[in-house]
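S.K.: Below is the structure I would like to discuss, written out as structure tokens.
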Amino acid sequence: MAVPSFLARERIVARPGFNRWLIPPAALAVHLCIGQAYATSVYKTALVAHFDTSLTAIGIIFSIAIVMLGLSAAAFGTWVDRNGPRAAMFTAACFWSSGFLVGSLGIATEQLWLVYLGYGVIGGIGLGIGYISPVSTLIKWFPDRPGLATGMAIMGFGGGALIASPLSRQLMDLYDPAYDGTAGTVPSGSAVSLLFLTLGLVYLVFMLFGAFIVRVPAEGWRPDGFDPSMVKKKSLVTTDNVSAGNAIKTPQFWLLWIVLFCNVTAGIGILEQASPMIQDFFRDGDTSQVALTAAAGFVGLLSLFNMGGRFVWSSTSDYIGRKPIYMVYLGVGLILYVLLATIGSSATWIFVLLAAVIISFYGGGFATIPAYLRDLFGTYQVGAIHGRLLTAWSAAGVAGPLIVNTVLDTRGTPGELVAGDYRPALFIMVGLLAVGFVANLLVKPVASKWHEPKSAPSTATQEASAVR
Amino acid sequence: MSSPASTGTQQPSSTPAALIAFAWTLVGVPLVYGLYQTVKTASSLFTG
């Protein structure tokens, strides 16, 4: 499918002298917007009241969006690699913004199915395309520091939630004077509808700015002082390329799928339950030593570690290697989970410290995976391969909460649970991390039979010649 | 760190420093706002 010429890849090939530090803000402009997906809890209660429905019916909106993220990233990954980041960011902006506008209409007219269609389906497609759109471009601009580059962009996804949560509260306060953000007050449906309208328009402008400034490096470009032959000396790092179609036929792809699935499922186990979990761990009879406001603070702290881990651990992987850093995420994470289950309830600071480091590994796992893919499969279609791997995220998004909620449902009723009730769920996560650890250990260089012929044209060249 | 492109047949052109500063400011300001608000909320864990 051809794209309009102003979006075409050959229109955005950087001239000699272009400064590559303009690319991270372009990527952040997209990821800071789509990261809003993790801030949906802000208006969840308002939508339950507005539609007079259950929390599950409203929770489905987010679930649809995350499933669509994985599916669209997998389905459009090759298209994104072929047409370049401007076309991808532009398309993501249109879908993400349209999702909000259709959702706003659904809330205003009290049609919940329109919110499913808008935010869930249309917005979810924008999420998937937007998430992978800048990744391969950043890897090509920063061949010397791919972990740092992808860490910066994917950190933005974590940062997007940090911005959207307080911003949404303040906007709903503006649109509904009766709502002041304190416990017990719920914003009106029209305030949420106006919030969706505002976010849709603001995100459109922001993401289009990213699409406007993004550039791809010219064929053969490399940073000053960077010698690709030095990269080859590191184990598991290839200078060959594997197509997305072939990548999914390799055991390496599926081993990384398992690694990502296990790491994300384990992290979601804590993230989903963060607020009630800390209260339950320190419950004494009917009351908890941890107040509701302190529990909200704990959620905030986890968000900070989730975002920080994306940047810090992914950047660290440039120095210690991708396989070793996943051994840390999964191996040390496993030990921390055991400690959380056994001594986590002995002191609040121990619980907070363990959970914070676990969540930083969760974020790090997300941010480092594109660089790991680039090491194994080369840069040729790394965006498309990354897109296909994100189906692991969709699966984990369903499995993580399912495991925790199923275990907790069998242990008692919310508000009466204690630390011991979480133990079975935590040990299931330990088992999952062990599986992920073994999968990571089994990762070896991709067999040469999957490599593209050396004379194969790059994606950029293919596209340019196709347009000519 | 600035890294000029080292290959290509097009005329060289430098990226205006003001554009880079503007782009980083545009993404940096909302990020700092979000960080500040979240740190404020997180601090209640230690004070509340």
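S.K.: Of these, A:363, A:397, which one is open to solvent by 10 Å² or more (accessible area, probe 1.4 Å) and touching a helix residue (DSSP H, G or I) at 6+ places or on another chain (Cβ under 6 Å)?
M.R.: Numbers: A:363 fails: open to solvent by 10 Å² or more (accessible area, probe 1.4 Å).
Testing whether each residue is open to solvent by 10 Å² or more (accessible area, probe 1.4 Å) and touching a helix residue (DSSP H, G or I) at 6+ places or on another chain (Cβ under 6 Å) leaves just A:397.
S.K.: Moving on. Report, by residue number, each residue of the stretch A:1-15 that is open to solvent by 80 Å² or more (accessible area, probe 1.4 Å) and either within 19 Å of residue B:15 (Cα to Cα) or not assigned by TED's automatic domain parsing to the domain that holds residue A:88 (or both).
M.R.: First, pick out the residues of the stretch A:1-15 that are open to solvent by 80 Å² or more (accessible area, probe 1.4 Å): A:1-2, A:6, A:11, A:15.
Hits for the stretch A:1-15 are A:11, A:15.
S.K.: Consider residue A:49 carefully, then state whether it is more than 14 Å from chain B (Cβ to nearest Cβ), hydrophobic (A, V, I, L, M, F, W, C), surrounded by fewer than 23 Cβ atoms within 10 Å (Cβ to Cβ) and assigned to a helix (DSSP H, G or I). Walk me through how you get there before you give the answer.
M.R.: Values: more than 14 Å from chain B (Cβ to nearest Cβ): yes; hydrophobic (A, V, I, L, M, F, W, C): yes; surrounded by fewer than 23 Cβ atoms within 10 Å (Cβ to Cβ): yes; assigned to a helix (DSSP H, G or I): yes.
So residue A:49 fits the description; yes.
S.K.: Across the stretch A:15-46, what is the total count of residues that are within 12 Å of chain B (Cβ to nearest Cβ) and among the small types (Gly, Ala, Ser)?
M.R.: Within the stretch A:15-46, residues that are within 12 Å of chain B (Cβ to nearest Cβ) and among the small types (Gly, Ala, Ser) number 6.
S.K.: Go through the stretch A:104-208 and tell me which helices (runs of 4 or more DSSP H), entirely inside it, have 3 or more residues that are hydrophobic (A, V, I, L, M, F, W, C), buried (at least 20 other Cβ atoms within 10 Å of the Cβ) and at pLDDT below 90.
M.R.: Numbers: elements: A:112-115, A:123-132, A:135-141, A:146-175.
In the stretch A:104-208, A:146-175 are the helices (runs of 4 or more DSSP H) which contain 3 or more residues that are hydrophobic (A, V, I, L, M, F, W, C), buried (at least 20 other Cβ atoms within 10 Å of the Cβ) and at pLDDT below 90.
S.K.: Report, by residue number, each residue of the stretch A:106-132 that is free of Cβ contacts under 8 Å to residues at least 24 places away in the same chain and of a type outside the set (Gly, Ala, Ser).
M.R.: Correct list: A:109, A:111, A:113, A:114, A:117.
The values are calculated or read from the model by the stated rules, or taken from the named source; none is laboratory data. In this text the structure is predicted, and so the values were computed from the model without any measurement. With ideal geometry, Cβ positions are generated from the backbone for all residues, glycine too; neighbour counts draw on all protein chains shown. The protein model used for the area step is the full one, side chains on, heavy atoms only, and it has no ligands, DNA or RNA in it. Shrake-Rupley method; radii C 1.70, N 1.55, O 1.52, S 1.80 Å.
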